[in-house]
């Protein structure tokens, strides 16, 4: 189990919105309330949607801003890897915090998100890791209210690190976009799915395309809450929780195996190789 004393922890912070993003500044401020050993290694520029990419095809530059603040001209996973192997090579971090992302990371977002990927990279390197995201009202990415995360994240981190979680698990926290006083509750959730695709593909000119997210671009875009994945009795999905103004805490792991298919495939695939 991952039990952490935040007051004595070495904390590594990263994100996918870039080192100058508002969310990471909030997260740094909260982490500094716990520990004097807080380090930042974040992308020099926004890397939203980078997923778990590592920059094998290019050289990366580590840039120092302050004693414990650095950027890398690469992905969130690059930042975690370099942060652990180079910046903090004298002593590994006790905890990795990734965020606070501008926008939720629920449902299918988990497969695209650089915020999530940074926590995954921490888990691969056997460091307890937490991804943190703040939802915003559809079409208002540049008008984010951080009220719910500012109000509740500190206490939630205390509870999580005291309670602990499995060594092969990382945490995914999402805050709803409502004001703190309208948050309904904290829900332990499953990873959900949306009913409809959030991705927009625009052909800006012949043979040139640009991706976007419906929730960023359209005022009437909504998170749908009808689950199309397996429902676990007694638990909301993360999609449902965020849509209904709950804080969502989802334990995630790296095993993508669909265990129920193992026996079906074992019985059904009888290819004769002789």
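The values are calculated or read from the model by the stated rules, or taken from the named source; none is laboratory data. None of the values given here were measured: they were computed from a predicted structure. Every residue, glycine among them, receives a Cβ derived from its backbone with ideal geometry; neighbour counts consider all protein chains shown.
Annotations for the structure displayed:
- Look at region 155-184: where a residue is at pLDDT 95 or above and a partner is exposed (fewer than 12 other Cβ atoms within 10 Å of the Cβ) and part of a helix (DSSP H, G or I), sitting 6+ places away or on another chain with Cβ atoms under 9 Å, you get 176/182.
- Residue check for residue 115: touching a residue at least 12 places away in the same chain (Cβ under 8 Å) and crowded, with 20+ Cβ neighbours inside 10 Å: yes
- Residues of region 118-154 that are modelled with pLDDT under 95, assigned to a helix (DSSP H, G or I) and touching a helix residue (DSSP H, G or I) at 6+ places or on another chain (Cβ under 6 Å): 141 alone.
- Taken together, the residues in region 94-112 that are within 24 Å of residue 1 (Cα to Cα), in contact with a helix residue (DSSP H, G or I) (Cβ under 7 Å, 6 or more places away or on another chain) and either without any contact (Cβ under 8 Å) to a residue 60 or more places away in the chain or not in a strand (DSSP E or B) (or both) amount to 1.
- Filter result for residue 81 (in contact (Cβ under 8 Å) with a residue 24 or more places away in the chain, assigned to a helix (DSSP H, G or I) and under 16 Å from residue 248 (Cβ atoms)): no
- Among the residues of region 172-195, those that are in a strand (DSSP E or B) and surrounded by fewer than 23 Cβ atoms within 10 Å (Cβ to Cβ) comprise 186, 187, 188, 190.
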